[in-house]
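Following: one structure in structure tokens, then a few remarks.
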Amino acid sequence: METPSIALLPKHIKAGYEVYEWKHACAVLHGDFRQEWEDIMKVLTSFRLSKTDITVPGGSKSAVAKKLDLAFTDLGWQEKKFDIAIEIDSSAIETPTHKVDCFKNRVALEIEWNNKDPFYDRDLNNFRLLFDLRAISVGIIITRCDELQEIFAQLGRGSSYGNSTTHMAKLIPRLDGGAGGGCPILVFGIRKALYLGI
């Protein structure tokens, strides 16, 4: 069932992406972070998945992650590492967090195209901690829909995008289980509708 918050998204975004939210993330973004909302809509609207995005090995970072990173960087988003320490009785306790792929004005965004699915645990824990420490207000994950597996198989790449890698079926149960804590989180899963076939 579509929440009133998700109803704020344009129809073409919902056609191209499977959308899932936790803790009214759409409403938070749309209401309090309008420029970041517009940036996200712009990047998602222009993104298309090509055959070479799937067939050419990506090395340390996939072609999809590179394309999305560049699109957000062009709009002023930056990779961000947070230096956090908690002080108890004059003793500093370092609280390490992982770098966020893209960050702008208290909005943190991660791109998980074809990593091992425990990367979701890392991202969600990071969002939870940064939200609890008031460093971010909302987290976003761009990943892939399960339905893309059909295209991967047709291109002979099915085994490279196995069941233990990052896709919506691995992420949603973690969100429903509360892995993101109180942090509002918005997820976009890339659908087959965005595949160009070239």
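None of the figures in this text is laboratory data; all of them are computed from the coordinates on show. Remember, it's a predicted structure, so these values are computed and weren't measured experimentally. FYI the Cβ positions are ideal-geometry reconstructions off the backbone, even for glycines, and counts take in every protein chain you see.
Pairs with C-alpha atoms separated by more than 28 Å, drawn from the list Lys23/Lys81; Lys61/Lys170; Lys11/Lys170; Lys81/Lys192, are Lys81/Lys192.
The phi torsions of the range 24-40, fed into the Karplus equation with coefficients 6.51, -1.76 and 1.60 and a -60° offset, translate into couplings of 6, 4, 4, 5, 5, 4, 5, x, 10, 9, 4, 5, 5, 4, 5, 4, 4 Hz, rounded to whole numbers, with Gly and Pro shown as x.
For the range 48-151, dividing the convex hull volume of the Cα atoms by the residue count gives 117 Å³ per residue. For the range 6-192, the relative contact order works out to 28 percent when only alpha carbon pairs closer than 8 Å and six or more residues apart are counted.
Counting other Cβ atoms within 10 Å as a rough exposure proxy, the listed residues Ile111, Ile13 run Ile13, Ile111 from fewest neighbours to most.
Per residue, the convex hull spanned by the Cα atoms of the chain amounts to 123 cubic angstrom. Between the listed residues Gly182, Leu124, Gly162, the Cα displaced farthest toward the positive end of the dipole of the range 6-192, a dipole computed from Cβ unit charges relative to the Cα centre, is found at Gly162.
Starting from the Cα gyration tensor of the range 154-198, take the square roots of the eigenvalues, sort them a ≥ b ≥ c, and report rounded, prolate or oblate (rounded when a/c is under 1.5, otherwise prolate if a/b is larger than b/c, else oblate). Since a/c reaches 1.5 but b/c is at least a/b, the shape of the range 154-198 is classed as oblate. Treating r as the C-beta distance of Leu196 and Glu94 and R0 as 35 Å, the FRET efficiency rounds to 0.15. Each principal axis of the range 10-101 carries a Cα extent, and these read 55, 37, 24 Å when sorted largest first. Scaling the Cα radius of gyration of the range 1-58 by the globular reference 2.2 N^0.38 Å produces a ratio of 1.33.
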